[in-house]
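For reference, the structure is listed below as structure tokens.
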Amino acid sequence: MEGGSLGPEQVPKPDETQEASPNASDQDALSGGTSVKGGEANQVTSEVSDKNSRHSEGAGHARVVPSLAPPGDGCHRIWRRSYKKCRDQTDEMKEWYFHKRHVLVFTYSGKPVYTRYGEEDGLSGTTGALSAIVSKMAKFFFCDGAAADCLRYMTAGEHIFAFLEKGPLWLVCISCAGDLHGDMMCLLERVHMQIITILTAGIERTLVSRPNYDMRGLLGGTEHVVNSMIRWCVQDMFLQCEGFEALPLAPALRNMATEALKSARLPNVLFAFLMAGHRVLSAVSNRQYRLNALDLGMVINIIMSSASLRTGESWTPVCMSQYNDKGFAYAYISFLEGSDVGVVFLSTASDGEQFYAISQQAAIVKDVLKQPGLAEGIEEAISKSPIDLASVSRGTFNASAESSPGTRVPRRSLLATTAPANPQWQLLEGVIHAAYYVPALQQYFSSQITEAYQSRRRVKMLFRNYGRCRQLLRNAKVPCQICVATDHECFYVSMAADYQLFLSVPRGISTGVIAQFYHWVRSQESHIFLQISTW
């Protein structure tokens with residue numbers, strides 16, 4: 001393998017949560033953020049006081065990306081704004097049809113719920129037509145005693161229509177961007193999960209009993225959260241990996257943060273984590289609760305999509321659908337002032353006493369995070385994430401380890417020490433992008449995309465080709481690998497029982513880059529992945 005190159009001539013063969021339902025009383029639960037008593041309510045900063053501002057931005061469309069994030073970080077592309085594009089467009093305007101990837105959600109009666117582009121009221125003709133199509137096609141699936149089935153996808157010229165039925169809801173993705181049906185279905189699953197995170201599955205019971213119920217009032221002000229989820233799926237590894245991304249950090253620094261979280265043990269708390277931008281710095285779980293990474297991703301997206309949740313202390317309901325999709329848990333959110341680091345607790349209790357108990361423990365955790373050495377180390381880690389593999393190859397990525405006054409923890413020890421210009425990693429300089437997913441940890445590592453490929457069009461192309469590789473391997477026996485060559489790039493995907501490796505490189509680069517990236521990840525596992533502790 002070391003002497004070859006990646007080109008077409010050498011292609012490898014291939015319970016306790018509060019019950020909720022969307023009735024009149026739930027309007028308050030869905031829209032209100034705090035649960036404090038009487039005169040104490042004015043002491044709590046509620047960022048979600050009504051249904052039109054829950055998880056939403058203030059006037060002026062404040063930016064929500066982390067302040068320390070480097071230009072190459074994907075958060076600049078994903079969480080760049082809160083407003084909906086092309087809001088004034090309708091299905092009677094030709095401009096609406098020019099968009100390359102539509103996402104529509106409507107009820108089985110044809111009532112629109114969400115659209116990525118335009119206004120729902122202006123798309124009733126389209127949703128009504130799509131509803132009629134799926135209804136008519138359903139008659140074929142139930143004739144002659146055939147097993148229950150539904151319309152999954154159809155093609156029309158360059159367009160692919162992907163359909164996902166979720167109870168009384170239909171989700172449709174219409175794409176002419178070269179998307180694969182499998183990726184489109186996965187995208188719709190994530191969109192549905194995000195909607196349930198905001199409303200709970202109780203909305204489906206309401207739609208069954210009241211088919212003409214308009215649920216847009218409950219989603220009012222949160223469309224940008226779903227928009228961000230779509231961008232996250234098509235411009236990051238989040239769609240290809242059912243996991244979250246950890247912040248690359250020295251184990252000594254991460255252990256200090258983890259110990260601070262472990263000391264904040266409280267009853268009725270399912271999970272607590274520290275977030276640095278959209279990456280997870282540290283996490284602690286209740287021993288009786290197993291974290292689902294997609295639930296965590298839904299919560300992170302809500303926080304990243306709402307600048308208001310990143311100011312002061314917030315107490316907002318979220319539905320952890322993989323834990324209990326019929327009720328709300330409550331998220332306490334508080335960020336360090338002037339920092340991208342936030343403390344998040346997920347609690348099954350919603351009373352004011354629980355809020356204040358968590359607030360007191362969160363203050364202690366934040367004091368630890370402000371300690372010299374730890375604070376600087378975390379800030380440096382954020383500013384250097386995602387990791388530039390070219391700097392690893394040149395030996396310029398790692399700063400020398402310096403101990404800050406009053407602490408034995410190295411102030412700058414982001415990754416394990418690497419010798420300058422280490423020839424062991426020299427081929428990594430040519431990598432366009434690389435990623436590594438560990439299913440057992442539900443975590444993935446994603447490198448910085450080289451500058452020439454940081455446009456949104458090229459970023460989407462990279463991740464779309466990863467999906468194409470995975471699609472070709474869907475029936476292959478593990479371990480398996482494949483390389484797909486385009487005019488200018490080669491995309492390599494390797495799938496084993498304990499990991500998945502993704503690599504995109506220019507044509508003609510030595511195949512030795514595959515082994516170099518794999519061994520580099522293994523040498524840095526303790527820095528780029530985290531272990532979730534338990535209470």
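The values are calculated or read from the model by the stated rules, or taken from the named source; none is laboratory data. This one's a predicted model, so the numbers in the text were calculated from it and none came from an experiment. Neighbour counts run over all protein chains shown; Cβ positions are idealised from the backbone, glycine included.
Among the hydrophobic types (A, V, I, L, M, F, W, C), farther than 30 Å from Arg464 by Cα and out of contact with any Gly (no Cβ under 8 Å at 6 or more places or on another chain): is that true of Ala260 in this structure?
Values: among the hydrophobic types (A, V, I, L, M, F, W, C): yes; farther than 30 Å from Arg464 by Cα: yes; out of contact with any Gly (no Cβ under 8 Å at 6 or more places or on another chain): yes.
Considered against the rule, which asks whether it is among the hydrophobic types (A, V, I, L, M, F, W, C), farther than 30 Å from Arg464 by Cα and out of contact with any Gly (no Cβ under 8 Å at 6 or more places or on another chain), Ala260 comes out as yes.
Can you work out which of the residues in the stretch 449-467 that are farther than 24 Å from Phe244 by Cβ and of a type in the set (D, E, K, R) is surrounded by the fewest Cβ atoms within 10 Å (Cβ to Cβ)?
Arg457
Among the listed residues Thr486, Thr407, identify the single one that is β-branched (Val, Ile, Thr) and either buried (at least 21 other Cβ atoms within 10 Å of the Cβ) or at pLDDT below 90 (or both). Steps first, please.
Working: Thr486 fails: either buried (at least 21 other Cβ atoms within 10 Å of the Cβ) or at pLDDT below 90 (or both).
Unique residue meeting the criteria: Thr407.
For Glu337, all conditions in the list (1) surrounded by fewer than 20 Cβ atoms within 10 Å (Cβ to Cβ); (2) over 19 Å from Ile378 (Cα atoms) hold save one; what is the number of the exception?
(2)
Give the residues of the stretch 473-495 that are more than 14 Å from Ala435 (Cα to Cα) and in contact with a Pro (Cβ under 8 Å, 6 or more places away or on another chain), sorted by residue number.
Of the residues in the stretch 473-495, the ones more than 14 Å from Ala435 (Cα to Cα) are 473-490.
Selection gives Leu473, Ala476, Cys480, Gln481, Ile482, Cys483, Ala485, His488, Glu489, Cys490.
What number of residues within the stretch 367-391 are polar (S, T, N, Q) and farther than 20 Å from Asp73 by Cβ?
Summing the residues that are polar (S, T, N, Q) and farther than 20 Å from Asp73 by Cβ in the stretch 367-391 gives 1.
Would the stretch 346-363 turn up any residue that is surrounded by 18 or more Cβ atoms within 10 Å (Cβ to Cβ), touching a helix residue (DSSP H, G or I) at 6+ places or on another chain (Cβ under 8 Å) and under 17 Å from Leu309 (Cα atoms)?
Yes; the residues of the stretch 346-363 include at least one that is surrounded by 18 or more Cβ atoms within 10 Å (Cβ to Cβ), touching a helix residue (DSSP H, G or I) at 6+ places or on another chain (Cβ under 8 Å) and under 17 Å from Leu309 (Cα atoms).
Tally up the residues in the stretch 513-531 that are closer than 30 Å to Val284 by Cα and either in the same structural domain as Asn255 (by the TED database) or of a type in the set (S, T, N, Q) (or both), please.
Here is the first cut: in the stretch 513-531, the ones closer than 30 Å to Val284 by Cα are 517-531.
Right, trim to either in the same structural domain as Asn255 (by the TED database) or of a type in the set (S, T, N, Q) (or both) and you get 523-524, 526, 531.
Qualifying residue count for the region: 4.
Output the residues belonging to the stretch 71-103 that are of a type in the set (D, E, K, R), assigned to a loop (DSSP other than H, G, I, E, B) and at pLDDT below 90.
Keep residues of the stretch 71-103 that are of a type in the set (D, E, K, R), which gives 73, 77, 80-81, 84-85, 87-88, 91-92, 94-95, 100-101.
Now restrict to residues that are assigned to a loop (DSSP other than H, G, I, E, B): 73, 80-81, 84-85, 87-88, 91-92, 100.
Across the stretch 71-103, the qualifying residues are Asp73, Arg80, Arg81, Lys84, Lys85, Arg87, Asp88.
Of all residues in the stretch 424-435, which are more than 16 Å from the chain's Cα centre (by Cα) and either buried (at least 18 other Cβ atoms within 10 Å of the Cβ) or assigned to a loop (DSSP other than H, G, I, E, B) (or both)?
So the first thing to find is which residues in the stretch 424-435 are more than 16 Å from the chain's Cα centre (by Cα), and the list is 424-434.
Hits for the stretch 424-435 are Trp425, Leu427, Leu428, Val431, Ile432, His433, Ala434.
Would you tally the residues in the stretch 331-361 being touching a Phe, Trp or Tyr at 6+ places or on another chain (Cβ under 9 Å) and in a loop (DSSP other than H, G, I, E, B)?
Qualifying residue count for the region: 3.
Starting from residues that are hydrophobic (A, V, I, L, M, F, W, C) and more than 30 Å from Val459 (Cα to Cα), keep the ones in the stretch 187-242 and report whichever is nearest to the chain's Cα centre (by Cα).
Leu199
Let me confirm something: among Ser446, Ser510, which residue is polar (S, T, N, Q), in contact with a Leu (Cβ under 9 Å, 6 or more places away or on another chain), outside the structural domain of Asp183 (by the TED database) and buried (at least 18 other Cβ atoms within 10 Å of the Cβ)?
Details: Ser446 fails: in contact with a Leu (Cβ under 9 Å, 6 or more places away or on another chain).
Being polar (S, T, N, Q), in contact with a Leu (Cβ under 9 Å, 6 or more places away or on another chain), outside the structural domain of Asp183 (by the TED database) and buried (at least 18 other Cβ atoms within 10 Å of the Cβ) holds for just one of Ser446, Ser510, which is Ser510.
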